[in-house]
Structure formats: C-alpha cells, structure tokens
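The numbers here are math on the coordinates, done by the rules we state, and not lab data. Because the structure is a prediction, the values reported are computed rather than measured. Every residue, glycine as well, gets a Cβ built from its backbone with ideal geometry; the counts of neighbours run over all protein chains shown.
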Amino acid sequence: MNVSYLELLKLAAPETIVVLTALAALVVDLTSTRDLEARFRFIINGMIACAGCVAAIVWMLVMPAHANALEGMFVVDPLTQVVKIALLGLTLFTVLISMDSTFTEHIGEYLALILLAAVGMMFLVSAEDILMIFISLELTSLSLYILAAFNKRDVNSAEAALKYFLFGGMAAAFTLFGLSLLYGLSGATNLGQIAAALEDKGLDPLLIVAMVMIVLGFGFKVAAVPFHLWAPDAYQGAPTPSAAFIASGSKVASFFIFAKVMMIGFTGGETNGVHEIAGSAAWQQFVSGWTPVVAVVAVLSMLLGNLVAIVQSSVKRLIAYSAIAHAGYMLIGVMAHSGEAVASLVYYAVTYGLTTIGAFGVVAVVEARSKDDQLASFAGLSRRAPVVSLCMMIFMLSLAGIPPLAGFFGKFYVFAAALKTGAPNLGLLWLVILAIAMSAVSFYYYLQVLKQIYVADMPAGAEELRVPVLGQVVLGLIAVGVILLGCAPNLLVGVLQASIKAAGL
Amino acid sequence: MVTDILFYVFAIATLVFGALVVANPFSRNPVTSAMFLVLTIISMAGLFVLLHAFFLAAVQVLVYAGAVMVLFLFVIMLLDLKEEEQRKIKKTGLVAGLVSVGAIVAIFIRSLLASEPSRGLGDPQLEGSTFALGKLLFTDYLLPFEIVSLLLLVAMVGVILLSKKDLK
C-alpha cells in the first residue's frame, strides 16, 4: 500500500502542532526561562501551550477534512474534529487553571505532559483500529500517571499515582487480552472488518469473554463501578489540575472511543461501504451480548457513586464519587447505541468535563489558601471570595442537573436518546428511572457544598481570599460556558448532529 | 509433524515456566521467579521461530531475556529479599486467586469446546524478515510507530522527573 507522507501529515496536522508545542514548552523552559521566578515561568510556558492548542483548534476550523488514512488507523471526519476541538478546549482550561499552582518546579515537563496526554486523546478519538486504540490509550494513560505523581513533596500524590498506575496497568492488560481475542476471532484489527468477520459466527463464548474484558478495560478508564477503586484516591492525592484533566479530558476521549467500539457496526461501516450494512447487522445481533454487561456496570456506578458521595468530607473525593455516578449516567448513552445517542453522549461528556474542570479550579483556589480540601475549609467562602463562590454554585448546580445549566440538558438528551432507542419495549426505561431517582439523591451532596459556602459561618479570623485576576477570569469563562451551553444547547448539539450526519453514522 | 511436536513442547514449556514464575512451590526467592521468567521468554521465542518470525524471536531473546531481565535482577537484588521470602501466603488471597483462575480456565475450555475446530485464521502468512518488518513499520504501521516514539518520550520525561531528587 502506498502511503503519502505529506497527505498523512496534513491530516494529522492538529496533533503535530500539539506535539511541537509540547516540545517547545520543554525546550523553552529548559533554556530561556529557567532562572525566572516560577510564576513567570508558568505564565510564559502556559501561554505557549495555550497558543499551541488554539493553533490546532484554528487549523481544524479552517481546514475541515474528511478522510480515512491507513485503513482506519486515522479517521478524520467532522465528528472526530468536533470532539478533538472540545478536547483541546478542555486542555486549554486545564493549563489555565494550573497557572496559579505552586506544587512543582518542573513547569515545562508538566505542560508538555498535559499536551502529550491531549495528543494521545486526539489519536484515540480518530482511531478505528484496535492497535491504534490500544497505543493511544497507553500514551494518554502513561502521561496521566506521571501527572498524578507530579507533586513530589506530597506523599499522597505518590500514593495516588501508584494506585492509578497499578490499576491502570492491570486494566490495560485486560484490554489487550480482550482485543487480542477479538483479533484472534476475526483476523482483522480494523473495527469495520472485525464487525464483518464476526457477522456469521454468532455470539460464541469467546466473543463474550473478549467483550467483558474490553468493557473492563474501558470501565477502568471511565471509572465505573467495580473498576472505580483508584478514582477517589487518585483525585484526592493528585495535584488538583492533574485531577481535573484526568476527570475531564480522559473521560471525554474514553467515552467516545468506548461508544465507538461498542457501536462498531455503525461507525465501522464508514471504512468500506460493503461492510456498512453487514457490520451493523452483526452488532445488532451482539447487542444482546454486551448490553447486560454495561447495564450492570451502569447501575452499580449510579448507586455506589451517589450513595458514597453523601458521606464524603473531602470535596475532591466528593467530586470523584460524583464522577463515578456520572459515568453511570453516560453508560446509559453508550447502551442506547444510535447516532443520536452518540451526539447526546458527547454533549454530556463535554459539558461534564467543562464543569468538572471548573469545580476543580475552585477547589485549587481554596486549597492553595487553606492547605486542604475539606468541606469545612469552604465555610463562608461566599463572603471571602464572592466571584469564585458564584462560579462554584454554577458548577455544582450544573453537576446536579438544574435546568438552565448544561448538566440538565446533558442528562435530558442522554435519557431521551435511551428512551427513543428502546421505544418499542421500553427496554432502557428502568435504567432511566433509576438514573433520575439517583440524580435526586445527588442534590443532597452538591447542596451540602453550597451550604458550606453560602450558609455556614466563616471560621473566626478568616480574611478575604486573594484570588489572582487571571484565575477569576478563567473560572468566570468556564461558568459562562456552562450557562451558555445550557441556555443554548443547540450551539453544540446542532454541530454534533450535523457532523454525525456528515460522518454517515 | 516435527513442527507440531515442537509447538507442543514450547507451548507446554511456556505455560509451565510461566506458572512457576508466579507460584513456585519449592522456592519463594524472587530471583528464582526471574530466572523462570527468562525460561518463559525463551520458550516464547521458540514459538515465534515456529511461526517463521525469526527477527521477533531474536529480539525477544536479546531484549527481553537479555537486557530487560538484567534490569529486573538488578532491582530485585537492590531490594531486601528476606522479608519477601518469609512473608506468609494469605489464605483469602490464595482462595480468591484460585477461584478467579478457575473461572477464566472454565470459560476458555467451554468456549474452545463450543467453537468449531476448523476455525481460526488458517496458515499465517508471516514474513519474518527484517526487510518486510521495516517496510510494514514505515507504511501500514507508520502512525502507531510514531505514536510509540511519543510514548517513549513520555516515559523518559516521567522517569527523569520522578527519579530525580528535588533539591528544594
């Protein structure tokens, strides 16, 4: 097969730009900004990183592409481009909220690893080949493990990273085992070809084993019960901006590729037209195979995430358990397996990621001044830092799913898509009812945080929190984004639906 | 015929040595485990030879059985082994491990029995030469190849960062 390197470079230009930016951040920090004060180093290198992300976003906006390179290893279509732009946006905000932090002297490395993790996610989004899926998953995970361990002065950070790494290594082994079984059954690494090869073989036990193992691996990445054990410790121990990135970017990319692998027949059809119908038929027939597995995981995640979050006293752990619960809601979107469900899932994941980054940003602000993230440290925050408190209120209410905010519409679209898919027999209705009931439970702990901020008395002797202007502006921007996506969800959903249509799902 | 016999010899050797790496009834010394890991890797190299993947077999022996295992042994010898040797096996851990292994084995036996014997991929069309491998790496598998280089960069940055002592 002939490969045009130039063509490939053009297709992968956004990724290349981000890689070059990462290298630039490394080199600039090593050579020219080394002797400056840490704060300036963070600002200069952070600006380089942001410029790279913006350049990549602009490239994708200016040069929309639709191509399939190297037999599905790198697929660029409007849908993957939208998801990549969203990922870069999340990366941008992660970089911006970390600029105020003081946990490390290795600023160039920190930013470079964030960017390289983002590159891994971008390749992951574009992959329709199990080899590429695995390698980009590993690139992302490895960068995130190191990001979790970045605070070398804090033993909790090392513990968080070790737990994340050990669980992650095991999950990667399971994923690889599952993928190799899939390869053994079908003789192909391309998702579309796999679907076509499996079509006439029926649902045999080995395929179920492969599915279970793949679900297990992805379940770890999205922190769904029972593969969630790392999440609370990793979120709590890791430096706050790293935790924000683990909770947002990695989740968006993982859910997208999870949905893609599971709906293999629908997305894989794009590879070659012949496989399209055969492929989707094949996986329709397998839907009965993987839906129960995912349903069990979703139910457990929603129950355990919401119920355990109630008793948490550390805000980061609370967000971690709420993340587990949100993974449960999003799995309902995966189960709905339709083009519309993908749109709702991406909308949910992106708005959730944005909100979580904001929430972690507020935690970082409080943590920097009071040295811990206990609920008690938030007492009376509204009088000490009114702007930050207002932002936190918006994030918490959005996570809880209060109507004009983005979180509500995310849930609404996912549940609507699930009900529409199972319409004839209301197959997913019980899950949706459970999810709505559990979101009611989640109000309790989100409001608990707000109660501390707005109602509880200030601790004696507390003075006004000085929050840097940049930090306030960034948090404000994220909050405005959450409100805007909530009030005008069509901004994102419309684009997603159009691009899914264009991508031929 | 000969290759069939050799396949079973190497396959059984891989499995037996692999089991001895994690559960050796005679010795609890980590160095013994590491040595059995070397034997496992060499038996796997034998399987690669049977598949005509000579280059892969050579790399397997050189890199894994050679370089990587030397590092393993270094690390093992730097750690305190006495404690590990005297550590008692926990009963709950043992039972849980056996149950999960049993479950996986049962699933595999069941699925092997359920699947038709003729299935599988047929004769592999493997070309094990470095020429073919290099050509593939720079055409069909160019992108994964490049991403692996990024992966190594990340690993390198991470190792230097985490192993270096912060002076402040």
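Under unit Cβ charges (Lys, Arg +1; Asp, Glu -1), what dipole magnitude, rounded to 20 debye, does chain A have relative to its Cα centre? Before the final figure, lay out each step's value.
On the way: 23 positive and 28 negative charges, 194 e Å.
Dipole magnitude for chain A comes out near 940 debye.
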Set the Förster radius R0 to 22 Å, insert the Cβ-Cβ distance between B:K135 and A:Y183 as r into 1/(1 + (r/R0)^6), and round the FRET efficiency to 0.05. 0.55
Have a look at B:I147, B:S33, B:V105 and report the one farthest towards the positive end of the charge dipole of chain B, computed about the Cα centre with Cβ charges (Lys/Arg +1, Asp/Glu -1). B:S33
Going residue by residue through segment A:483-490, the Karplus relation 6.51 cos²θ - 1.76 cosθ + 1.60 with θ = phi - 60° gives ³J(HN,Hα) values, rounded to whole Hz and with x marking Gly or Pro, of 5, 5, 5, x, 6, 10, x, 5
Separation between the B:K165 and A:F40 pseudo-spin-labels, each 7 Å from Cα along Cα→Cβ, expressed in nm? 3.0
Quick check: pseudo-label points 7 Å beyond the Cα along Cα→Cβ at A:A51 and A:Y5, how many nm apart are they? 2.8
The distance between the Cα centres of segment B:38-99 and segment A:436-465, in whole Å, is 52
Does a label point 7 Å from the Cα of A:D457, set along Cα-to-beta-carbon, have any residues of segment A:367-384 with amide nitrogen under 19 Å, and which are they? A:375-384
Return the subset of A:K10/A:K84; A:K163/A:K316; A:K163/A:K221; A:K251/A:K451; A:K411/A:K501 for which the Cα-Cα distance in this structure is over 18 Å, preserving the input order. A:K251/A:K451; A:K411/A:K501
What are the trypsin sites (Lys or Arg not before Pro) within segment A:145-206 that DSSP puts in a loop, where the Cβ has at most 16 other Cβ atoms within 10 Å? A:R153
Using the Karplus curve 6.51 cos²θ - 1.76 cosθ + 1.60 with θ = phi - 60°, what ³J(HN,Hα) values do you get for each residue of segment A:231-248, in whole Hz, with x for Gly and Pro? 4, x, 5, 5, 5, 6, x, 5, x, 4, x, 4, 4, 4, 6, 4, 6, 9
Shielding of B:152-163 by partner chains, average beta-carbon count, 10 Å: 6
Considering only C-alpha atoms, what is the centroid distance from segment A:30-58 to segment A:235-265, in Å? 25
When we measure straight from the Cα of B:K82, which lysines land under 18 angstrom away, once same-chain ones fewer than 8 places off are left out? B:K90
Give me the number: length gained by fully extending B:I109 to B:A23, i.e. 0.36 nm times residue separation minus the C-alpha to C-alpha distance, one decimal in nm. 28.8 nm
Put +1 on the Cβ of every Lys and Arg and -1 on every Asp and Glu Cβ in segment A:279-394; which of A:A325, A:C391, A:L345 then has its Cα farthest towards the positive end of the dipole? A:C391
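Exactly which trypsin sites (Lys or Arg not before Pro) in segment A:1-97 are in a DSSP loop and have at most 14 other Cβ atoms within 10 Å?
Values: sites: A:K10, A:R34, A:R39, A:R41, A:K84; in loops: A:R34.
Sparse-neighbourhood loop trypsin sites (Lys or Arg not before Pro): A:R34.
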Whole-Hz ³J(HN,Hα) for each residue in segment A:22-34, computed from phi via Karplus 6.51 cos²θ - 1.76 cosθ + 1.60 with θ = phi - 60°, x for glycine and proline: what do you get? 4, 5, 4, 4, 4, 6, 4, 5, 6, 9, 9, 9, 4
Mean-square fluctuation check for chain B, GNM, Cα pairs under 10 Å: which of B:F145, B:F74, B:F55 is largest? B:F145
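Work out how much length A:S32 to A:F412 would gain on full extension: take 0.36 nm times their residue separation and subtract the Cα-Cα distance, in nm to one decimal. Could you put the intermediate results ahead of the total?
Numbers: separation 380, 0.36 × 380 = 136.80 nm, distance 4.99 nm.
Using 0.36 nm per residue and subtracting the Cα-Cα distance, I get 131.8 nm.
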Amide H contacts under 5 Å for A:A385, placed H, 5+ residues apart: A:L465
